[in-house]
Amino acid sequence: MTTTPETTSDEPTGHRDQDGAHGSEPHAKGLAARLNWLRAGVLGANDGIVSTAGLVVGVAGATVERGPILTAGIAGLVAGAVSMALGEYVSVSSQRDTEKAMLDKERAELEEYPEEELAELAGMYRAKGLSEETAQKVAEELTEHDAFAAHVDAELGIDPDELTNPWHAAGASAVAFTLGSLLPLLAIMLPPAGARVAVTFVVVLVALALTGLLSAALGSAPRRTAVLRLVVGGALAMAVTYGIGQLVGAAGI
């Protein structure tokens, strides 16, 4: 008769990976790159939905003609996608350049002042609560294994193999903006004139709610907060632009 060995650990029964981390915890290599894609994608989708919805609803408030609405929507989609991609590329490129400069500086300091850098690393671990003896031993062992990796992790919090990628951020932002823009554009063009604005409001608010849920789920953030701020912000944007469109249409401009 065989028995199943009992679990003696006080840790939760959830599985762990080879590094000892729980499977649900975000310790996997490449997390920074994934979060960078997530940030750019969510920002692009949200901006595409809200900005295009505000644009087409505003035009629909001034005219019922499909031509001007479609022209404005397509122009907003293309211009917005290009702008978002360019903005992300410039922003992330600047961040990447800064990270590279910091890494180069740390590499030079390790070559010129190895003893001082070792003492600095030990001091960091003492500041985290280790005893002087333990901190010194940890610093020495990490330095023997990979001095550069140890220092950039402790001092800069940077993984040299996982630097932010501007092309990834730009591409994710452009694609997400385009997909987000298509929703209000289709919602305003497909229904009859009398239902366009109402249908667009509903479609956009549902899309923003789903975007909020997705971003919260992937980022392990509170879902209610993420949904509320997107839905409320989108509703206000469309209400304002629609009101302005009606004023412009009534003025005959």
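Each reported figure results from applying straightforward, stated rules to the coordinates on display, with no laboratory input. Given the structure is predicted, the values throughout are model-derived calculations rather than measurements. Quick reminder, even Gly has a Cβ in these numbers, built from the backbone with ideal geometry, and neighbours come from all protein chains shown.
So, in Å, what gap is there between the alpha-carbon centers of the stretch 149-193 and the stretch 56-79?
Answer, in whole Å: 26.
By how many nm would the segment from A108 to V90 grow when fully extended, if each residue of separation counts as 0.36 nm and the alpha-carbon distance is taken off? Before the final figure, lay out the partial values.
Working: separation 18, 0.36 × 18 = 6.48 nm, distance 2.70 nm.
Difference between extended and current length: 3.8 nm.
Under 11 Å from the Cβ of L190, count the other residues' Cβ atoms, weight Lys and Arg +1, Asp and Glu -1, and hand me the total.
In short, +2.
Between A75 and L247, how high is the FRET efficiency from 1/(1 + (r/R0)^6) when r is the Cβ-Cβ distance and R₀ = 22 Å? Nearest 0.05.
The pair A75/L247 has a calculated efficiency of 0.55.
List the trypsin sites (Lys or Arg not before Pro) within the stretch 119-167 that fall in a DSSP loop (any state other than H, G, I, E or B) and whose Cβ has at most 15 other Cβ atoms within 10 Å.
K128
Sort 228-239, 190-201 by the packing proxy (mean of other Cβ within 10 Å over each peptide's residues), most packed first.
Peptide ranking by packing, descending: 228-239, 190-201.
How much length is gained if the chain between A235 and V64 is pulled fully straight, taking 0.36 nm per residue apart and subtracting their Cα-Cα distance, in nm to one decimal?
My answer for the length gained is 59.5 nm.
Quick check for you: which residues of the stretch 158-177 have the amide N under 19 Å from the point 7 Å beyond the Cα of E144 toward its beta carbon?
none
Would you calculate the separation in nanometres between label points at T134 and V206, each defined as 7 Å from the Cα along the Cα-to-beta-carbon direction?
5.6
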